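Quick notes on the structure that follows.
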Amino acid sequence: MRKKINKYDIALILVIIAVSVLVLIYGSMNTVEKGKKIAYVYSDNRLVGEYTLTEGYKKEFKVEGGSGHNTVHIEDGKIWIQEATCPDKICLHQGKISKDGELIVCLPNKLMITIEDNEEKEDELDVIVK
Ligand SMILES: [Zn+2]
């Protein structure tokens, strides 16, 4: 049995394609928004830098504080301590962070890095309101 494709079928197919394209566009826009993570760099309890972590973004900088300095590296949505003068090197061992709420602390150099996700923050606010 062969079914002939009529104009209603074609119209239906076109509608399905249009809807799925719209869903794809909407979905990818949403992903970009959700992926917007900001790394806050504090030195001696003062905010010294704010960096949006996105794929392809690369930066390396030195933060002076305490008895020395830390070299902070940002690459492909992750942030970590590349090099540090502190004696314990705990901050180096904390590795790469990329998720909301994660943090790196270097006590000797009074450095702290935290990550916050815009999207999740709004969710938290919703919960508080309820
Ligand atoms: Zn350290």
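Using θ = phi - 60° in the Karplus curve 6.51 cos²θ - 1.76 cosθ + 1.60, the 3J(HN,Hα) couplings for the range 54-71 round to 9, 4, x, 7, 9, 7, 9, 8, 9, 10, 8, x, x, 9, x, 8, 10, 9 Hz; x is entered for Gly and Pro. Note on residue 83 and residue 118: with the Förster distance fixed at 25 Å, the Cβ-Cβ geometry gives a FRET efficiency of about 0.25. Exposure proxy shown here: for 115, 90, 5, the number of other Cβ atoms within 10 Å sets the order, fewest to most, as 5, 90, 115.
All other residues with a Cβ under 12 Å from the Cβ of residue 73 taken together, and with Lys, Arg as +1 and Asp, Glu as -1, what is their net charge? Overall, the nearby charge balance is +1. Amide H to amide H distances under 5 Å link residue 102 with 115, where only residues 5 or more positions off or on other chains count and H is placed in the peptide plane. Note on residue 55 and residue 18: with the Förster distance fixed at 22 Å, the Cβ-Cβ geometry gives a FRET efficiency of about 0.15.
Estimated at 0.36 nm per residue, the fully extended path between residue 90 and residue 73 surpasses their Cα-Cα distance by 4.5 nm. Amide hydrogen proximity for residue 54: with H placed 1.01 Å from N in the peptide plane, the residues at 5 or more positions away or on another chain lying under 5 Å are 77.
Readers should treat all values here as calculations from the given coordinates under stated rules, not as data from a laboratory. Values in this document were obtained by computation on a predicted structure and should not be read as measured data. All Cβ positions, glycine included, derive from the backbone under ideal geometry; neighbour counts span all protein chains shown.
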